[in-house]
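Participant: Here it is, the structure in full.
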Amino acid sequence: MKPGRLASIALAVAFLPMVVPAHAAIIEITMENLVISPAEVSAKVGDTIIWINKDVFAHTATAKNGNFDVTLPPKKSATSVVKKAGTVEYYCRYHPNMKATLKIEP
Amino acid sequence: MFIRWSAAVAAAILLSSPALQGASAADKPTDPQIAHIAYTAGVIDINAAKQAQKKAKNKDVKAFAEDMLRDHEAVNKQALALVKKLNVTPEDNDTSKALSKQASDKLAELDKLSDAAFDKAYVANEVAYHKAVNSALETQLIPSASNAELKSLLQTGLKIFQGHQQHAEHVAAELK
Ligand SMILES: [Cu+2]
């Protein structure tokens, strides 16, 4: 193994805990053709959700219980960190026929 | 009462227009006609939204009008790109004409109203209008479309319109 390679691995290992806490996951939720997928997904408190809007329309991910409200302009994505446990139903305020569920474990 | 009546008329125009009537293949609207009807349906809602932006007082109604403007402009932009790509020239037809006529009558009628009365009538008409267009898309336009890309754009359009109908119903419920 070349020293340069070793150094970059060491660097990566050193920075890893800062970038992603060991237990946290990154979950992608996509909106395309007015469909949210996956329609149901499980996450843990501390996980990061990447919301991806592939449509030319603006959408929102709005929790029915008020826990989050993410606005997604056309063809844009956004991230949010899951904060509270519970089963959260969410929808798009502009197109309330877009619905999905996020199951958040503590 | 008048609102309910005009919704029925809109539905009747959409569903019983000569261009959409009959079961035989010859009576089915062609793709150029379908493209024209779908585009016209979008333009009508854009014009209604522009009127609402000027006249509406309630902030939810104003926001709703802005959403309609943004979405329908986006759909129509896609529709224009598609007809260009397919080399199809949208063809005017009786359904498009009837829709436009009915819409301009509605604009004139709503123009006489102001404040809360306008807000209520605009949102009620949005519910009725989206319902009528959804029904036409589902039962006539989508089944008649022969080009796969046009069909898929209409299917996206249907989901958008269904979303708008529910959104309009929420706003209407809050105005009461
Ligand atoms: Cu949406």
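Participant: Which order do peptides B:55-61, B:170-176, B:84-90, B:126-132 fall in by mean Cβ count within 10 Å, highest first?
Facilitator: Top to bottom by mean Cβ count within 10 Å: B:126-132, B:55-61, B:170-176, B:84-90.
Participant: Now for a different question. Over the stretch A:22-105, how many percent of alpha carbon pairs lie in each 5 Å bin up to the one with the longest distance?
Facilitator: With a bin width of 5 Å, the distribution comes to 3, 17, 29, 29, 15, 6, 1, 0.
Participant: When you look at the Cβ of every residue in B:151-160, what mean number of other chain Cβ atoms sits within 10 Å?
Facilitator: Taking the mean over all residues of the peptide, I get 3.
Participant: List the residues, sorted by chain then number, that are 5 or more residues from A:Lys99 or on another chain and whose placed amide H is less than 5 Å from its amide H.
Facilitator: Those qualifying (amide H under 5 Å, at least 5 residues apart or on another chain) are A:Ile36.
Participant: Among residues other than B:Lys106 whose Cβ falls under 12 Å from its Cβ, what is the net charge (Lys/Arg +1, Asp/Glu -1)?
Facilitator: -3
Participant: In straight Cα distance, which lysines are under 23 Å from B:Lys57, not counting same-chain residues fewer than 8 positions off?
Facilitator: B:Lys106, B:Lys112, B:Lys120, B:Lys176
Participant: Measure out, as a whole number of angstrom, how far apart the alpha-carbon centroids of the stretch B:63-79 and the stretch B:106-156 sit.
Facilitator: About 12 Å separates the Cα centre of the stretch B:63-79 from the one of the stretch B:106-156.
Participant: Could the peptides B:138-147, A:75-84 be put in order, highest first, of the mean number of other beta-carbon atoms found within 10 Å of their residues?
Facilitator: Top to bottom by mean Cβ count within 10 Å: B:138-147, A:75-84.
Participant: Using only atoms on other chains, find how many Cβ atoms lie within 10 Å of each Cβ of peptide B:161-169 and report the average.
Facilitator: Across B:161-169, the average partner-chain Cβ count within 10 Å equals 4.
Participant: Separate question: Once phi is turned into ³J(HN,Hα) by the Karplus curve 6.51 cos²θ - 1.76 cosθ + 1.60 with θ = phi - 60°, what whole-Hz value does each residue of the stretch B:148-155 show in order, with x for glycine and proline?
Facilitator: Values, residue by residue: 5, 5, 5, 4, 5, 5, 5, 5 Hz.
Participant: Using θ = phi - 60° and the Karplus form 6.51 cos²θ - 1.76 cosθ + 1.60, what ³J(HN,Hα) does each residue of the stretch B:133-147 get, whole Hz, x for Gly and Pro?
Facilitator: 5, 4, 5, 5, 4, 5, 8, 10, 6, 5, x, 7, 5, 9, 6
Participant: In terms of modelled amide H atoms, which long-range or inter-chain residues lie less than 5 Å from the amide H of A:Asp47?
Facilitator: Amide H neighbours of A:Asp47, under 5 Å, 5+ apart: A:Ala25, A:Val82.
Participant: In terms of modelled amide H atoms, which long-range or inter-chain residues lie less than 5 Å from the amide H of A:Phe68?
Facilitator: Those qualifying (amide H under 5 Å, at least 5 residues apart or on another chain) are A:Ala63.
Participant: Additional query: Treating only the Cβ atoms of Lys and Arg (+1) and Asp and Glu (-1) as charged, compute the dipole magnitude of the stretch A:22-105 about its Cα centre; round to the nearest 20 debye.
Facilitator: Around 160 debye, computed over the stretch A:22-105.
Participant: ³J(HN,Hα) across the stretch A:94-105 via Karplus (A = 6.51, B = -1.76, C = 1.60, θ = phi - 60°), whole Hz, x for Gly/Pro?
Facilitator: 7, 9, x, 6, 8, 9, 7, 10, 10, 9, 10, 8
Participant: Give me a single rounded figure for B:75-81: the average over its residues of other chain Cβ atoms within 10 Å of their Cβ.
Facilitator: The shielding value for this peptide is 1.
Throughout, read-outs are computed from the coordinates displayed, never taken from laboratory work. Please read these numbers as outputs of a predicted model, since none were measured by experiment. Cβ coordinates were reconstructed from backbone atoms using ideal geometry, including for glycine residues, and neighbour counts include every protein chain displayed.
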